[in-house]
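Here, each number is a calculation from the coordinates, and none is a lab measurement. This one's a predicted model, so the numbers in the text were calculated from it and none came from an experiment. All Cβ positions, glycine included, derive from the backbone under ideal geometry; neighbour counts span all protein chains shown.
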Amino acid sequence: MSRHIVIEGNLTRDPNGGYGKDTGKAYTHLDIAVPDRIRNTQGDWVDGPPTYYRVTVFGKTAENALNSLAKGNTVIAAGELTVRAYTRTDGTPGIANDIIADHLGVALTYTTVTIPEKAGRQAN
């Protein structure tokens with residue numbers, strides 16, 4: 001199954017990546033935990049158990065992610081979700097949530113960023 005999805009969550013480890021052997025194209029993998037919001041017994045909204053996603057980006061986005069992001073950053077990713085079943089090494093079944101993202105950014109709700117000006121472009 002594949003569908004478009006947008007998630008916001010925290011990086012559970014530093015991004016890792018490299019360049020494809022055959023294509024030379026940059027790639028980066030990000031592991032993101034998205035806490036589900038649930039109501040507790042008092043009726044208040046609280047963070048529930050997280051859903052984990054393995055997000056992959058390519059090209060310049062991959063290079064920028066690898067050079068800019070770190071474990072604990074809150075990010076937003078948009079792309080195609082694929083859900084697949086697998087068997088863990090201990091023999092128990094598992095579900096993998098994989099996203100090939102075409103958009104990736106930091107969540108400005110929790111941090112600030114400085115974006116350098118492009119050469120030849122003036123700030124307003």
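Here is how the numbers come out for the structure above:
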{"quantity": "Selected residue (only one of E63, E80 is touching a strand residue (DSSP E or B) at 6+ places or on another chain (Cβ under 9 Å), more than 13 Å from T12 (Cβ to Cβ) and not in a strand (DSSP E or B))", "calculated": "E63"}
{"quantity": "Selected residue (only one of L66, L108 is surrounded by 10 or more Cβ atoms within 10 Å (Cβ to Cβ), within 16 Å of the chain's Cα centre (by Cα), over 16 Å from I32 (Cβ atoms) and not hydroxyl-bearing (S, T, Y))", "calculated": "L108"}
{"quantity": "Selection count where residues are under 19 Å from T51 (Cβ atoms) and not in a loop (DSSP other than H, G, I, E, B), scope region 85-102", "calculated": "11"}
{"quantity": "Residue in region 1-21 that is surrounded by the most Cβ atoms within 10 Å (Cβ to Cβ), counting only those that are touching a residue at least 40 places away in the same chain (Cβ under 8 Å) and in a loop (DSSP other than H, G, I, E, B)", "calculated": "P15"}
{"quantity": "Count of residues meeting criterion [farther than 13 Å from R3 by Cα and surrounded by fewer than 14 Cβ atoms within 10 Å (Cβ to Cβ)] in region 69-86", "calculated": "5"}
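Yes/no matrix, rows are residues, columns are (1) out of contact with any Ser or Thr (no Cβ under 8 Å at 6 or more places or on another chain); (2) at positive phi; (3) among the β-branched types (V, I, T):
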residue: G24; (1), (2), (3): yes, yes, no
residue: V34; (1), (2), (3): no, no, yes
residue: T41; (1), (2), (3): yes, no, yes
residue: Y53; (1), (2), (3): yes, no, no
residue: G59; (1), (2), (3): yes, yes, no
residue: N67; (1), (2), (3): yes, no, no
residue: N73; (1), (2), (3): no, no, no
residue: I95; (1), (2), (3): yes, no, yes
